[in-house]
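Working notes, beginning with the structure itself.
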Amino acid sequence: MSRRVVRQSKFRHVFGQAAKADQSYEDIRVSKVTWDSSFCAVNPKFLAIIVEAGGGGAFIVLPLAKTGRVDKNYPLVTGHTAPVLDIDWCPHNDNVIASASDDTTVMVWQIPDYTPMRNITEPIITLEGHSKRVGILCWHPTARNVLLSAGGDNVIIIWNVGTGEVLLSLDDMHPDVIHSVCWNSNGSLLATTCKDKTLRIIDPRKGQVVAERARPHEGARPLRAVFTADGKLLSTGFSRMSERQLALWDPNNFEEPVALQEMDTSNGVLLPFYDPDSSIVYLCGKGDSSIRYFEITDEPPFVHYLNTFSSKEPQRGMGFMPKRGLEVNKCEIARFYKLHERKCEPIIMTVPRKSDLFQDDLYPDTPGPEPALEADEWLSGQDAEPVLISLRDGYIPPKHRELRVTKRNILDVRPPSGPRRSQSASDAPLSQQHTLETLLEEIKALREQVQAQEQRITALENMLCELVDGTD
């Protein structure tokens, strides 16, 4: 009698669990803009969420530890004159975030480690080059200060944020609106999906399409695509009968998918979040109340369904924590930040293990915060894999001030007061000057707090004197 053999995998029993209520972020007015981006970005230090704001676009940045109810007067990052559509943290500086807006601009912001007293309104730099709304942002995985933006003008622009210059502009490759853009692991290629139902692989420095596949999914709804660790592509889309699909493609043979998984019938676009360390892809649909996850392997059927995390509330968006921000002593292999209408709830994916020791097989070396290349080196044709770090002793994010001293580029410079202007590398003062400015700013903020406390003490002393006079 034949016996069924169960596939061996250390991720077969991965389970999801919502964090306790006191670990959520309450009273956040999540944006209601109709746009298929995640509306949330997270790194080991901060959580950023696009929020509703009158008179322009804004997002809120919270330290990860600031859980619970968020004060309605908590400072926002404001500066755009129209709704913010996408935000993305820099992988090489945990205090730098980029935002894209309906106002056609991209802004790059430096977030202080201390809680600001008022709204942050001045970006480090404003990148102006698109003629229509900018809806997609994606930092280069290995080159310092290289940022990609894609707009409603069907143009992809690759910027050197350190100088404010356009490195590359890809303006004749997409005949219609771009739905998604993704770098491969070393940043040498791009995968894009477009309203014309074509999946393209682009070499941005040569300015040419390396491979393309028309209608990888037959349905009319938008496609998404991400690179896997070994250079294959994962795409999500819809069948002709509106069934949601996940497909695995080999770019060397685009005729047929390596594997195709059909799921349910729903309108929500599936956002794929791929973890190259575990080779697991998590699918989160806007308006869904579940997260499906699959393991990608080298053996048939290549895409293996693992499980589904389900909850009661639908998700408005989703943030995905980089591997270096996870708690390795709890065997946590992924953490999501699920946006509800008025709150953000962490969801933790865990491999059940009894041992508290570091699990080497779950945590291979992972990309760290150091870039492997400078922007000019990448533009000249060099490629480099990400600089890896070990998580054996956990990851401690570096202090903001330390980063300022060692990084000598425009990201570490506060913009001068006065009207916003385009900046170049020659405008950047020395790191020492910047440290002095930051210290002065902190001292000023502390003085304002002390002054408020002194006024409060004086008022209390006056009340005490009045009480004493009354008893006499």
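A few points about this structure:
- Integer Hz, Karplus 6.51/-1.76/1.60 couplings in order for region 311-325, x for Gly and Pro: 9, 8, 8, x, 9, 8, x, 7, x, 10, 6, x, 4, 6, x
- Amide H contacts of Cys284 (H built 1.01 Å from N, under 5 Å, at least 5 apart or other chain): Leu271, Phe273
- Between the residues Ser31, Met173, Leu234, the greatest Cα displacement towards the positive end of the dipole of the chain, with unit charges on the Cβ of Lys, Arg, Asp and Glu, is found for Leu234.
- Working ranking of peptides 447-453, 281-287 by packing, defined as the average number of other Cβ atoms within 10 Å per residue, highest first, is 281-287, 447-453.
- Candidate aspartates and glutamates for bridging to Lys343, where Cα separation is under 15 Å - those fewer than 8 sequence places away on the same chain excluded: Asp22, Glu26, Asp27, Glu52, Asp71, Glu313
- Amide hydrogen neighbours beyond the local backbone of Leu168, cut-off 5 Å, H modeled: Ile158
- Placed amide H near Val210: partners under 5 Å, 5+ positions off or other chain: Ile201, Ile202, Asp203
- Each Lys or Arg adds one and each Asp or Glu subtracts one; over the other residues with Cβ under 14 Å from the Cβ of Leu306, this totals +2.
- Listed residue (Val209, Leu223, His13) projecting farthest to the positive dipole end of the chain, Cβ model: His13
- Distance between the modelled labels on Met463 and Asp264, one decimal in nanometres: 5.5 nm (7 Å Cα→Cβ projection).
- Summing +1 for each Lys or Arg and -1 for each Asp or Glu among the other residues whose beta-carbon sits under 14 angstrom from that of Ser239 gives +1.
- Rounded tilt (10° steps) of 431-471 against the dominant C-alpha axis of the chain: 50
- Peptide packing: for 387-398, 193-204, 354-365, the average count of neighbouring Cβ atoms within 10 Å per residue gives the ranking 193-204, 387-398, 354-365, highest mean first.
- Cut-off 11 Å between beta-carbons: net charge of the residues surrounding Ile157, Lys and Arg +1, Asp and Glu -1: -4
- Span from the region 1-76 Cα centroid across to the region 162-177 one, whole angstrom: 30
- For the peptides 141-154, 253-266, the ranking by packing is 141-154, 253-266, with the highest mean count of neighbouring Cβ atoms within 10 Å listed first.
- Region 174-295 - Kirkwood radius from inverse mean 1/r over Cα pairs (Å): 14.4
- 14 Å Cα-Cα reach of Lys312 towards aspartates and glutamates, excluding residues that sit fewer than 8 places from it in its own chain: Asp288, Glu341, Glu345
- Computed over protein heavy atoms with a 1.4 Å probe, the carbon and sulfur contribution to the accessible area of the chain reaches 49%.
- Spatial offset of region 101-121 relative to region 328-374 amounts to 27 Å, using the alpha carbon center of each.
- Rounded to the nearest whole Hz, the Karplus-based 3J(HN,Hα) values (6.51 cos²θ - 1.76 cosθ + 1.60, θ = phi - 60°) of region 222-238 follow the sequence x, 9, 9, 8, 9, 7, 8, 5, 9, x, 6, 10, 10, 10, 10, x, 10, with x at glycine and proline.
- Couplings 3J(HN,Hα) of region 94-106, computed from phi: 5, 9, 10, 9, 10, 10, 10, 9, 5, 7, 6, 10, 10 Hz, in residue order, whole Hz [Karplus 6.51 cos²θ - 1.76 cosθ + 1.60, θ = phi - 60°; x for Gly and Pro].
- Probe 1.4 Å - accessible area at Leu440, Å² to nearest ten: 100
- Positive-end residue, the chain charge dipole about Cα centroid, Cβ charges, pick of Tyr305, Cys194, Tyr282: Tyr305
- Value of relative contact order over the chain, rounded to a whole percent, pairs C-alpha under 8 Å and six or more apart: 14
- Whether region 40-121 is rounded, prolate or oblate, judged on the alpha carbon gyration tensor where a/c under 1.5 counts as rounded: oblate
- 222 nm mean residue ellipticity, helices alone, for the chain (DSSP H n ≥ 4; -39,500 (n - 2.57); rounded to 500): -4000 deg cm²/dmol
- Using the 1.4 Å probe convention, the accessible area of region 15-366 works out to 38 Å² per residue with neighbouring protein chains retained.
The values are calculated or read from the model by the stated rules, or taken from the named source; none is laboratory data. Keep in mind that what you see is a predicted model, and the values were worked out from it rather than measured. Glycine gets a Cβ as well: all are built from the backbone with ideal geometry, and neighbour counts include every protein chain shown. These area figures cover heavy atoms from the full protein model, side chains too; ligands, DNA and RNA do not enter into them. Shrake-Rupley method; radii C 1.70, N 1.55, O 1.52, S 1.80 Å.
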